[in-house]
Structure formats: structure tokens, C-alpha cells
Amino acid sequence: MSFVENGGVNPPADPPADFSDSRSSNEEPIKMTLTASRQAVDRMILLLHNRNIIAGSEWSRPIAIKNSAEVISVASRMIQID
């Protein structure tokens with residue numbers, strides 16, 4: 001999978017924060033990726049946000065996938081593992 005900047009329309013997003021410094025022994029980082037059309041990715045982010053699963057602001061800007069009509073957006077957060 002290759003990513004393109006799309007003429008500056010999709011500026012690089014900041015990488016997810018490194019949670020290793022503050023993590024407790026029962027927390028683990030999880031990374032989520034959405035890949036689909038821009039409309040589908042935006043809709044899924046909204047659905048996840050509305051269900052209080054992950055805030056829309058936690059997702060990267062959608063990045064165009066080279067030679068595809070799809071974009072990719074990523075998020076990272078800590079979860080409790082029991």
C-alpha cells in the first residue's frame with residue numbers, strides 16, 4: 001500500500017502519541033485503521049464517535065492511497081486488559 005500527499009491536500013498527520021512512558025502493567029496500546037472511500041471513512045469515524053468508542057479528534061487526517069480511490073485514517077489509544 002502506498003500513500004500520496006495528493007498535492008498537499010492531505011498534509012502529513014502527526015504520528016500517534018507514544019504511550020509507553022505512562023502505561024501501567026494492565027494497559028496496552030491498540031492501533032485502529034480505517035480504509036475505504038473518504039465518505040465511508042468519515043461516516044465510520046462519526047459512528048464510532050457518536051457511540052463514545054473513540055473521539056473523532058483522535059483519528060489522523062485521511063491520507064489518499066496511491067492508485068486507489070480509497071483513503072486511510074489511523075488512531076491509537078490505550079486500553080485496559082484484565
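The values are calculated or read from the model by the stated rules, or taken from the named source; none is laboratory data. Predicted model, so just to flag it, every value in this text is computed and none were measured. Cβ atoms come from the backbone with ideal geometry, glycine included; neighbour counts cover every protein chain shown.
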Inset, instruction - Could you list all residues from region 31-82 that are surrounded by 17 or more Cβ atoms within 10 Å (Cβ to Cβ) and hydroxyl-bearing (Ser, Thr, Tyr)? - result: SER60, SER73, SER76
Legend entry - Any strands (runs of 3 or more DSSP E) falling wholly within region 7-82 and containing at least 1 residues that are modelled with pLDDT under 95: 27-36, 71-80
Inset, instruction - Starting from region 66-78, keep only residues that are over 20 Å from GLU28 (Cα atoms), then list their pairs with residues that are among the hydroxyl-bearing types (Ser, Thr, Tyr) and assigned to a strand (DSSP E or B) whose Cβ atoms are within a distance under 6 Å, requiring at least 6 positions of separation or different chains. - result: GLU70/THR35; ILE72/THR35
